[in-house]
Amino acid sequence: MGCRCNAPVDITLYYDPASPEGLEALRYIERKGVAYENLDVRADSSALKQMRALSGQTERPVIVLDGQVFIGFDPSTLEPLVPSRF
């Protein structure tokens, strides 16, 4: 039987740890068990600038998934795109 492995995805999460929606996004990605980059835009001004350049705004969180930018957190949108390792 061949491997049924999920292809890796490239995920970057720009979030503010004081934001409930940002924490929810962080927990969601962690539950999936996939590798990701986590950038705290409150503590890192260069991450905030990157997020603004990608999304054109300061609404958080911003999730970049294989180059596609998602503003805010909607698990129903991400579910078919983020494989689970479990």
Out of region 42-54, which residues are within 15 Å of D16 (Cα to Cα) and not basic (K, R)?
-> A43, D44, S45, S46, A47, L48, Q50, M51
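Could you check how many residues of region 39-54 are surrounded by 12 or more Cβ atoms within 10 Å (Cβ to Cβ) and assigned to a loop (DSSP other than H, G, I, E, B)?
Taking region 39-54 and keeping what is surrounded by 12 or more Cβ atoms within 10 Å (Cβ to Cβ), we get 39-42, 44, 47-48, 50-52, 54.
Those still in the list that are assigned to a loop (DSSP other than H, G, I, E, B) too: 41-42, 44.
Matching residues across region 39-54 total 3.
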Residue check, Y36 at pLDDT below 95, surrounded by 12 or more Cβ atoms within 10 Å (Cβ to Cβ) and either touching a Gly at 6+ places or on another chain (Cβ under 9 Å) or not aliphatic (A, V, I, L, M) (or both) | yes
If you take the residues of region 1-21 that are among the small types (G, A, S) and either surrounded by fewer than 17 Cβ atoms within 10 Å (Cβ to Cβ) or closer than 22 Å to P80 by Cβ (or both), which of them is modelled with the lowest pLDDT?
-> G2
Taking region 39-75 as the region of interest, how many residues are at pLDDT 95 or above, among the polar types (S, T, N, Q) and over 13 Å from L13 (Cβ atoms)?
-> 2
Could you check, for region 55-66, whether at least one of its residues is assigned to a helix (DSSP H, G or I), in contact with a strand residue (DSSP E or B) (Cβ under 6 Å, 6 or more places away or on another chain) and surrounded by 15 or more Cβ atoms within 10 Å (Cβ to Cβ)?
-> yes
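The values are calculated or read from the model by the stated rules, or taken from the named source; none is laboratory data. What you are looking at is a predicted structure, and each value in this text was computed from that prediction instead of being measured. Note: ideal-geometry Cβ built from the backbone for every residue, glycine included; neighbour counts use all protein chains shown.
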